[in-house]
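Since the structure comes first, as structure tokens, the remarks are kept for the end.
Just so it is clear, none of the values below were taken in a lab; they were calculated from the coordinates. None of these values were measured; they are calculated from a predicted model. Quick reminder, even Gly has a Cβ in these numbers, built from the backbone with ideal geometry, and neighbours come from all protein chains shown.
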């Protein structure tokens, strides 16, 4: 079909990949607006139908849970990286044609 969305730009592809990565370390770079960018490394603990949860060790050894939506990964607001190599898990976001 001509109007089919490319596999790279589909939320279900992102969700399936993250479901397979549960329990693994990932690095998250999130644009929180107003020139505020948050970068952290944590463990992907849960992947729900519309969002995923990352556990991050905070100050004084406290564990914080942060949740992000798959749509934010799709739009580029949230970027996910391999903590070892630094490679992007989903590559550059390309607009759908």
Open item on the list: Cut-off is 10 Å between beta-carbons; in what order do 57, 79 appear when sorted fewest neighbours first?
Closed with: 57, 79
Task: Listed peptides 82-90, 59-67 by packing density, highest first (mean Cβ within 10 Å) - done: 82-90, 59-67
Task: the stretch 7-81: C-alpha gyration tensor shape, a/c 1.5 cut-off, then a/b vs b/c - done: oblate
